[in-house]
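See structure below.
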Amino acid sequence: MKVRIEPDGFGFDADGESTLLQSADAAGIELPSSCRNGTCRTCICKLLAGRVRYRIEWPGVSVEEKAEGWILPCVAEPLSDVSLDVPFAMLAVSPR
């Protein structure tokens with residue numbers, strides 16, 4: 001699956017079994033993150049297009065936030081091509 005990060009237009013592939021954060025890391029793209037388990041909300045971003053599923057039953061987003069399209073990429077796996085709004089994403093020095 002293809003993942004696009006806006007507003008900078010970064011792109012990478014995701015296998016659907018890794019989280020969006022893990023796939024971004026593997027592609028050398030740094031997304032804001034801290035706990036990596038769905039509780040701290042450091043990675044919260046907007047899902048602009050596509051669908052995801054969560055590794056945990058209820059990630060740290062409210063019902064209202066979910067309805068508005070907010071997701072936590074640290075525990076979200078893509079179910080389709082996705083586009084995310086992550087203003088502070090950046091390219092790592094070298095892919096991991």
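The values are calculated or read from the model by the stated rules, or taken from the named source; none is laboratory data. Values in this document were obtained by computation on a predicted structure and should not be read as measured data. Neighbour counts run over all protein chains shown; Cβ positions are idealised from the backbone, glycine included. Protein only, heavy atoms only, side chains kept; ligands, DNA and RNA dropped before computing areas. Shrake-Rupley method; radii C 1.70, N 1.55, O 1.52, S 1.80 Å.
Tabulated results
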{"quantity": "Per residue solvent-accessible surface (Å²) - the chain, probe of 1.4 Å", "calculated": "54 Å²"}
{"quantity": "Only Lys, Arg (+1) and Asp, Glu (-1) charged, at Cβ; the chain dipole about Cα centre in debye", "calculated": "120 debye"}
{"quantity": "Accessible area in the full protein assembly, largest first, 1.4 Å probe, for TRP58, TRP70", "calculated": "TRP58, TRP70"}
{"quantity": "With all protein chains modelled, accessible area of ARG51 [1.4 Å, Å²]", "calculated": "140 Å²"}
{"quantity": "Area accessible to solvent at LYS2, 1.4 Å probe radius, in Å²", "calculated": "120 Å²"}
{"quantity": "GNM result for the chain, Cα springs below 10 Å: residue of SER80, SER23, SER62 fluctuating most strongly", "calculated": "SER62"}
{"quantity": "Sites GLU64 and ASP85, calculated FRET efficiency, Cβ-Cβ separation with R0 30 Å, nearest 0.05", "calculated": "0.95"}
{"quantity": "Only Lys, Arg (+1) and Asp, Glu (-1) charged, at Cβ; the stretch 30-85 dipole about Cα centre in debye", "calculated": "140 debye"}
{"quantity": "Descending principal axes extents, the chain, alpha-carbon based, whole Å", "calculated": "36, 25, 24"}
{"quantity": "Percentage relative contact order, the chain, counting C-alpha pairs under 8 Å, at least six apart", "calculated": "41 percent"}
